[in-house]
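*Asks:* Got a structure here, written out as structure tokens. Questions coming.
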Amino acid sequence: MAKAFLSGNDAFAEGVRLARPQVISIYPITPQTTVVERISEMVEDSSLKSELIHVESEHSALSCAIGASAMGARTFTATSSQGLLYMAECLQYASGGRFPIVMMNANRSTALPWNIYGDQRDSLSQLDCGWIQVYVEDAQESLDMALQGYHIAENPLVSTPVMVNLDGFVLTHTYETVEIPSQTDADRFLPPFQTENKMSLDNPKNLAFSVGPDNNMEFKYIQHKAMLDSRRVIEETDAKFAEIFGRSYGGLTQGYRIDDADYILITLGSITGLCREVVDELRERGEKVGLLKLRFIRPFPSDDLVAALESAKAIGVLEKDISFGYEGTVYTNVNSVIAKNGLCLETYNFIAGLGGRDISRENITAIFRHLQTGGQHVNFIGLGVTIDE
Amino acid sequence: MSNKITAKTITDSEFFYGHKACAGCGGSLAVRIALKVLGEGAISVLPAGCMSAVGFNYPHLCFSNNSIISTFAGTASMLTGVEAGARAVGIKNFKAVGLAGDGGTADIGIQALSGAIDRNDDILYICYDNEAYMNTGIQKSGLTPFGAKTTTTPSGENIHGNLRPKKNLFEIVAAHDIPYAATASIGNLPDFINKIEKASKIKGTAYIHVVAPCPIGWGIPVNETIEIARKMMDCGLWYLAEYENGKFKLNKNPSDFSSIEDYLLAQGRFKHLEAADIEILALQRDTKWATIRKNWNNIQEEL
Amino acid sequence: MSKPYLRPYQKPQKLSDYPLGTASEAGYLVTKNSGWRNERPIITDECINCLQCYLYCPDGVIFKTEDGLDIDYDFCKGCGICEKICPKQAIKMEVE
Ligand SMILES: Cc1ncc(C[n+]2csc(CCOP(=O)(O)OP(=O)(O)O)c2C)c(N)n1
Ligand code: SF4
Ligand code: SF4
Ligand code: SF4
Ligand SMILES: [Mg+2]
């Protein structure tokens, strides 16, 4: 184990190196670029022995990864924003084909208007594409989730691709001290990839076939069930990770001071750190507030949410996303759990950080205020102008 | 000469069998023959299109070699992944082969094809050209020839079918300075067979463009698929050529052409053509052949 | 010699009967094509075994035997390409 001062992207690249993917397809897009640059350097200096393929588009990046996975190879690719949308067809291809590819997505706003800064509209727009989606908070979690990502994806019960989301710039380009595990420990954690879902000369297969209405629903149900079953695998993976590396992330969600909290803010990704500080401040003043970090949004942590929110009076969902004409997508998902389980509490949505808009400590304090006093359900935080009626 | 694959020596094994292609389908013949030459080490990638649609309907699976459907645009990129993945997991004696339609190759898949050639990936890409998007019901593709009626280039009073000439994909591919590219036709299987055999031994990217008539889309009786493919070569609207070591080579240089009308008017898709339209096609043909004869090495060489 | 061949098929009864992902045994046929045909090709004694029909059959259903050629009528579609290509008119199309 070594310590290094790394950006989120650098840390992720270290995690990828430790996972030993056999085929890596790369195509650049800000703010993902430095991860593919680090990986290229690793291949150059042989610290990563992998087929590095310079593809001509993101569609090809994922199509190539699918092809390699279909041969039983561990594969990696990375993207962001426009690139993620450009590969949309392949996202569903990878999940429907049950190819356990791990992909890093640097969360970034989507055009138009053009904007290279962070928000989560890119990945949240692909919530239904059948990928496991995890959002990480800091550089250490980035590295760790590269490793855990493969462990989850390749579990035969799961066999589903994993998208690891890092907030663009605020995480991808922010430097922190990171512990880099030894290769020995990484290998102990992550065994070589093995699957039945592949071609081989001894046991030829026909893959990616058509399935008509008579069997198609069953294939889709199986895919859904694998995603549901992955919840257990995610927890087991985290436990095994803790055993070997001494770090744990709590599985699908991570609560902070929620046990007796009346007001709980739900967050995703890198903003969680600042929210935690605000919770501490308010707690010092005796306010019963808490925080729940959604790490995974697919599979959706329904049970965790019920357990965490059960005795709260009001909760808020802070997200860098808006589903135009409705509300934030994470909020919609959270509300559905609350309704289905008959929880009696107020819910509020805080749309913030679009296109990289800063989310301040004051914004978060005001959000907790809003939870306590009540008010409008869907709120845009940090709009710099008044809204013309 | 002697160790060429012939009807006598080619394997008895069939790799594409029991499929649901229409009777007399030229594309299915191209795929069948290609796989017989490549053998059980072939790992085939087929994009959306007729050949994947007729061969992969779970539980009825018609390829006895490893085969996978790619996205429509992703033949070449998936081939790249398959080739790299196979090597990475230690598989030996395999050949990653793409079997894609004209639309899948010349239109939506051209970016990925260009990328793969640029990287010189060790793959064989075969485009079976039936001159339209057949699987979706005969719509115009970039390889639909001038004058052809398709469901999106109808012929009427104002417009006589497709207005644009066929893209010259063979030369587009060659312009990448690919190690090996060739044209072929299912009307001449010995030539096609030898070109596949040759291409399979190339280290790096190889490309074969094989004309494979579709009786449905072309409007011909189902037993005339081979005949029409032969007529197309005889009248000079298709030629057999290779690109190798930076040079083009014409494999067959006919001294005269058979009637272009005969070829065109035998097909429903050209029935509406008027003399002036046919003249345009004849002129295009003559211009092309003049350039070929002037610039290419056309020493006639038995393949 | 090998080729895709007919197998018994029963619609899966439970989820575990389905393959993982979309990967299943290669060359697994469950239906014939014989019903597509109006006419069947018959190879007659005129045959000189030049193998043109064998080579050009799109469906690959003409196969070599000890003493010539035979046709797999389970999968012949009756297209008549073999009849056309035969230099000896040795193939006759017979109405089914
Ligand atoms: C991204 C995408 N766009 C469109 C289609 C619809 N599509 C499927 S097959 C096909 C036609 C294929 O034409 P071609 O490549 O010439 O092969 P053919 O069917 O003629 O054999 C089309 C347009 C698709 N499957 N995917
Ligand atoms: S439509 Fe044409 S290309 Fe498609 S299967 Fe039928 S004959 Fe073959
Ligand atoms: S083409 Fe005619 S002569 Fe030749 S093998 Fe077939 S049936 Fe016999
Ligand atoms: S009729 Fe067609 S499918 Fe049947 S054997 Fe002859 S060429 Fe083959
Ligand atoms: Mg076509």
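The values are calculated or read from the model by the stated rules, or taken from the named source; none is laboratory data. Computed from a predicted structure; not experimentally measured. Note that each Cβ is placed from the backbone with ideal geometry, even for glycine, and that neighbours are counted across all protein chains shown. Quick note on the areas: whole protein, heavy atoms, side chains included, nothing else; ligands and nucleic acids left out. Shrake-Rupley method; radii C 1.70, N 1.55, O 1.52, S 1.80 Å.
*Asks:* Which one is nearest to B:Leu283 (Cα to Cα), of the residues in the range B:113-128 that are touching a Phe, Trp or Tyr at 6+ places or on another chain (Cβ under 9 Å) and within 16 Å of ligand 2 (Cβ to nearest atom)?
*Replies:* If we take residues in the range B:113-128 being touching a Phe, Trp or Tyr at 6+ places or on another chain (Cβ under 9 Å) and within 16 Å of ligand 2 (Cβ to nearest atom), then B:Cys127 is nearest to B:Leu283 (Cα to Cα).
*Asks:* Taking the options B:Gly236, B:Gly217, name whichever one is open to solvent by less than 30 Å² (accessible area, probe 1.4 Å) and either within 14 Å of chain C (Cβ to nearest Cβ) or within 16 Å of ligand 1 (Cβ to nearest atom) (or both).
*Replies:* B:Gly217
*Asks:* Given the conditions (1) within 14 Å of chain A (Cβ to nearest Cβ); (2) open to solvent by 10 Å² or more (accessible area, probe 1.4 Å), which single one is not true for B:Thr205?
*Replies:* (2)
*Asks:* Any residue at all in the range A:132-151 that is of a type in the set (S, T, N, Q) and free of Cβ contacts under 8 Å to residues at least 24 places away in the same chain?
*Replies:* Within the range A:132-151, not a single residue is of a type in the set (S, T, N, Q) and free of Cβ contacts under 8 Å to residues at least 24 places away in the same chain.
*Asks:* Shifting gears a bit: Quick check, is C:Cys82 assigned to a helix (DSSP H, G or I) and either under 12 Å from the mean Cα position of the chain (by Cα) or near ligand 3 (Cβ under 10 Å from one of its atoms) (or both)?
*Replies:* So C:Cys82 fits the description; yes.
Yes/no per residue for (1) at pLDDT 95 or above; (2) near ligand 4 (Cβ under 9 Å from one of its atoms); (3) closer than 26 Å to A:Ser200 by Cα:
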position	(1), (2), (3)
C:Thr22	yes, no, yes
C:Leu51	yes, no, no
C:Cys57	yes, yes, no
C:Phe75	yes, yes, no
C:Ile81	yes, yes, no
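*Asks:* Right, something else. Kindly indicate the residue of the range B:114-159 that is within 14 Å of chain A (Cβ to nearest Cβ), under 29 Å from B:Cys22 (Cα atoms) and more than 14 Å from the chain's Cα centre (by Cα) and also farthest from ligand 4 (Cβ to nearest atom) among those meeting that condition.
*Replies:* B:Ile123
*Asks:* Further, regarding this structure: Kindly indicate whether any position in the range B:242-257 is surrounded by fewer than 21 Cβ atoms within 10 Å (Cβ to Cβ), modelled with pLDDT of 95 or more and either under 22 Å from B:Met134 (Cα atoms) or within 16 Å of ligand 3 (Cβ to nearest atom) (or both).
*Replies:* No.
*Asks:* While we're on this one: Please go through the range B:63-112 and pick out each residue that is aromatic (Phe, Trp, Tyr) and either more than 16 Å from ligand 2 (Cβ to nearest atom) or under 22 Å from A:Ile24 (Cα atoms) (or both).
*Replies:* If the condition is that a residue be aromatic (Phe, Trp, Tyr) and either more than 16 Å from ligand 2 (Cβ to nearest atom) or under 22 Å from A:Ile24 (Cα atoms) (or both), then B:Phe72, B:Phe94 are the ones that fit.
*Asks:* Report, by residue number, each residue of the range B:130-141 that is open to solvent by 10 Å² or more (accessible area, probe 1.4 Å), assigned to a loop (DSSP other than H, G, I, E, B) and of a type outside the set (S, T, N, Q).
*Replies:* Selection gives B:Met134, B:Gly137, B:Ile138, B:Lys140.
*Asks:* With respect to B:Val37, determine if the residue is within 16 Å of ligand 1 (Cβ to nearest atom), among the aliphatic types (A, V, I, L, M), in contact with a Ser or Thr (Cβ under 8 Å, 6 or more places away or on another chain) and farther than 16 Å from A:Gly97 by Cβ.
*Replies:* No; evaluated as a whole, the condition is false for this residue.
*Asks:* A:Glu89 versus (1) open to solvent by less than 10 Å² (accessible area, probe 1.4 Å); (2) at the interface with chain B (Cβ under 8 Å from one of its Cβ atoms); (3) more than 19 Å from B:Ala86 (Cβ to Cβ): which is the lone unmet condition?
*Replies:* If we test A:Glu89 against (1) open to solvent by less than 10 Å² (accessible area, probe 1.4 Å); (2) at the interface with chain B (Cβ under 8 Å from one of its Cβ atoms); (3) more than 19 Å from B:Ala86 (Cβ to Cβ), just (1) comes out false.
*Asks:* Which one of the conditions (1) touching a residue at least 40 places away in the same chain (Cβ under 8 Å); (2) on the phi < 0 side of the Ramachandran plot does B:Arg32 fail to meet, given that it meets all the rest?
*Replies:* Result: B:Arg32 fails condition (1) only.
*Asks:* Looking at B:Leu99, B:Leu46, B:Leu38, can you tell me which residue is more than 7 Å from chain A (Cβ to nearest Cβ) and open to solvent by 10 Å² or more (accessible area, probe 1.4 Å)?
*Replies:* Checking each option against the conditions leaves just B:Leu38.
*Asks:* Quick check on this structure: which one of A:Glu179, A:Glu235 is in contact with a strand residue (DSSP E or B) (Cβ under 7 Å, 6 or more places away or on another chain) and away from every other protein chain (no Cβ under 11 Å)?
*Replies:* Just a single option satisfies the conditions, and that option is A:Glu179.
*Asks:* For A:Asp280, are the conditions met, namely being assigned to a helix (DSSP H, G or I) and of a type in the set (Asp, Glu)?
*Replies:* yes
*Asks:* Right, another one. Which residue out of A:Ile53, A:Ile66, A:Ile39, A:Ile29 is of a type in the set (A, V, I, L, M), assigned by TED's automatic domain parsing to the domain that holds A:Met199 and assigned to a loop (DSSP other than H, G, I, E, B)?
*Replies:* A:Ile29
*Asks:* In this structure, does B:Gly268 turn out to be on the phi > 0 side of the Ramachandran plot and touching a residue at least 60 places away in the same chain (Cβ under 8 Å)?
*Replies:* Answer is no for this residue.
*Asks:* Suppose we filter the range B:99-129 for residues that are of a type in the set (Gly, Ala, Ser), in a loop (DSSP other than H, G, I, E, B) and more than 10 Å from ligand 1 (Cβ to nearest atom); how many remain?
*Replies:* The qualifying residues number 0.
*Asks:* Sticking with this one: I'd like to know if the range B:61-80 contains one or more residues that are among the aromatic types (Phe, Trp, Tyr), out of contact with any Asp or Glu (no Cβ under 8 Å at 6 or more places or on another chain) and more than 16 Å from ligand 1 (Cβ to nearest atom).
*Replies:* No, the range B:61-80 has no match at all.
*Asks:* Looking at B:Lys20, is it within 16 Å of ligand 4 (Cβ to nearest atom) and open to solvent by 20 Å² or more (accessible area, probe 1.4 Å)?
*Replies:* Yes: the conditions hold for B:Lys20.
*Asks:* For the condition more than 7 Å from every other protein chain (Cβ to nearest Cβ) and either surrounded by fewer than 24 Cβ atoms within 10 Å (Cβ to Cβ) or in a helix (DSSP H, G or I) (or both), what is the one hit in B:Ser52, B:Ser28, B:Ser13?
*Replies:* Exactly one residue qualifies, and that residue is B:Ser52.
*Asks:* Let me ask something else. I want to confirm something. Restricting to the range C:42-64 and keeping residues that are farther than 28 Å from B:Ser67 by Cβ and open to solvent by less than 60 Å² (accessible area, probe 1.4 Å), which single residue is nearest to the other protein chains (Cβ to nearest Cβ)?
*Replies:* Among those residues, the one meeting the criterion is C:Cys50.
*Asks:* Which is within 22 Å of A:Ser57 (Cβ to Cβ) and either open to solvent by less than 40 Å² (accessible area, probe 1.4 Å) or under 20 Å from the mean Cα position of the chain (by Cα) (or both), of A:Met145, A:Met104?
*Replies:* Being within 22 Å of A:Ser57 (Cβ to Cβ) and either open to solvent by less than 40 Å² (accessible area, probe 1.4 Å) or under 20 Å from the mean Cα position of the chain (by Cα) (or both) holds for just one of A:Met145, A:Met104, which is A:Met104.
*Asks:* Here's another thing I want to ask about it. Filter the range A:5-26 down to the residues that are in contact with a helix residue (DSSP H, G or I) (Cβ under 8 Å, 6 or more places away or on another chain) and assigned to a strand (DSSP E or B) and list them by number.
*Replies:* Across the range A:5-26, the qualifying residues are A:Leu6, A:Ser7, A:Val23, A:Ile24, A:Ser25, A:Ile26.
*Asks:* Another question, if that's okay. Return the pairs, sorted by first residue and then second, in which the second residue is basic (Lys, Arg) and assigned to a loop (DSSP other than H, G, I, E, B), the first residue lies in the range C:71-96 and is farther than 16 Å from C:Pro58 by Cα and within 16 Å of ligand 5 (Cβ to nearest atom), the beta carbons are less than 7 Å apart, and the residues are 6+ apart or on different chains.
*Replies:* none
*Asks:* Considering every residue within the range B:66-73, establish whether at least one is in a helix (DSSP H, G or I), open to solvent by less than 10 Å² (accessible area, probe 1.4 Å) and over 15 Å from A:Ser60 (Cα atoms).
*Replies:* No, the range B:66-73 has no match at all.
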